[in-house]
Amino acid sequence: MVLAVLFAVLGAVSNAAGTAFQRKAASTAPGRGGLRLMLVLVRRPAWAIGIAGVAGAAVFQALALVNGPMALVQPLFMLELPFALLIAVPLMHRRPGPEGWRTIAVVVAGLALLLAAAAPSGGHQQASMQRWIPVLALTLGAIAVTVLLVRSSSSPLFRAAALATGAAIGNALTAALMKSATGRLADDGLAAFLTAWQTYGFALTGIAALLLLENALQAGPLVASQPALTIGDAAVSLLLGVALFDESVRTGWWLLPEVAGAGLILWGVTRLTRVVPHLVDVMR
């Protein structure tokens, strides 16, 4: 469990750096979307650095998922936003004000309260197809709905939030598929990993989630996309961990501190993107 926490935190740091540099590339791209945006971004060094950070995060994430429950590992990736601020500080040659640091403390405290109360534990590395089929139908269907909603709105705030929600669901599904695939690698070796459908599934969903993230960052302000991305990923991951892998979290009266922790995280993430507006612009 300690290794799972360590690798998850390292993954959050790597992902924060990757997202920061992706933001730098996406925020200065022409007003395009979809694959045309990707064709522009691949020519930019900042985007390449960002992808390296994301790739490193994927490695740390896989190691964390092998060593601990998904319901523990994925919520720890909420630390990405505070780490993104800390990484941005030397880049914008200024220090965040006292309120910025207090808000970071609220996010970390909320996460600690949530995980301490939920105490995720147990679970298996694999799930039956009887569980995978409805999960795939629901998650892929939800992602499709977010894309359709974007097409019906011209609001930058709504478009960024909807795309980030789709990316969050995609990230959670990718983590579930990765957990299953890396479990096969750990238990049965490379041949089993390369022949498992989950291996190719997490590659495809990971690419789709990345595409949605790039478009979310380009569609509107971080204050719209980051809360949906951060909270959505953790919430969907927790549900998938329970539904697919029989992971357990505490219920009953423990729901009260869990809800309180989630509330602190939501307030902190939303406030952080407002308290530190330069977090959006520093990478431009």
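The values are calculated or read from the model by the stated rules, or taken from the named source; none is laboratory data. Keep in mind that what you see is a predicted model, and the values were worked out from it rather than measured. Every residue, glycine as well, gets a Cβ built from its backbone with ideal geometry; the counts of neighbours run over all protein chains shown. Keep in mind that these areas ignore ligands, DNA and RNA; they rest on the heavy atoms of the full protein, side chains included. Shrake-Rupley method; radii C 1.70, N 1.55, O 1.52, S 1.80 Å.
Annotations for the structure displayed:
- Count of the stretch 206-236 residues, restricted to those that are modelled with pLDDT under 90, open to solvent by less than 40 Å² (accessible area, probe 1.4 Å) and β-branched (V, I, T), is 2.
- Verdict on A8 being at pLDDT 75 or above and within 27 Å of M178 (Cα to Cα): yes
- Note on the stretch 237-263: among residues that are among the β-branched types (V, I, T) and open to solvent by 50 Å² or more (accessible area, probe 1.4 Å), the one that is nearest to L79 (Cα to Cα) is V259.
Conditions (1) at pLDDT 90 or above; (2) acidic (D, E); (3) crowded, with 19+ Cβ neighbours inside 10 Å, marked per residue:
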{"position": "P75", "(1), (2), (3)": "no, no, yes"}
{"position": "L81", "(1), (2), (3)": "no, no, yes"}
{"position": "P98", "(1), (2), (3)": "no, no, no"}
{"position": "A116", "(1), (2), (3)": "yes, no, no"}
{"position": "Q130", "(1), (2), (3)": "yes, no, no"}
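- Look at (1) in contact with a helix residue (DSSP H, G or I) (Cβ under 9 Å, 6 or more places away or on another chain); (2) at pLDDT below 90 and you find that L173 fails only one, number (2).
- Selection of the stretch 189-202 for residues being assigned to a helix (DSSP H, G or I) and over 16 Å from L65 (Cβ atoms) yields L190, A191, A192, L194, T195, W197, Y200.
To keep it simple, each residue is scored yes or no on (1) more than 14 Å from A176 (Cβ to Cβ); (2) in a helix (DSSP H, G or I).
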{"position": "L114", "(1), (2)": "yes, yes"}
{"position": "G123", "(1), (2)": "no, no"}
{"position": "Q126", "(1), (2)": "no, no"}
{"position": "R131", "(1), (2)": "no, yes"}
{"position": "L136", "(1), (2)": "no, yes"}
{"position": "L140", "(1), (2)": "no, yes"}
{"position": "V145", "(1), (2)": "yes, yes"}
{"position": "L149", "(1), (2)": "yes, yes"}
{"position": "S153", "(1), (2)": "yes, no"}
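- Residues in the stretch 242-278 that are under 15 Å from the mean Cα position of the chain (by Cα) and at pLDDT 85 or above: I265 alone.
- Residue check: N67 meets all listed conditions (1) open to solvent by 20 Å² or more (accessible area, probe 1.4 Å); (2) within 15 Å of E214 (Cα to Cα); (3) at pLDDT 70 or above but one, namely (2).
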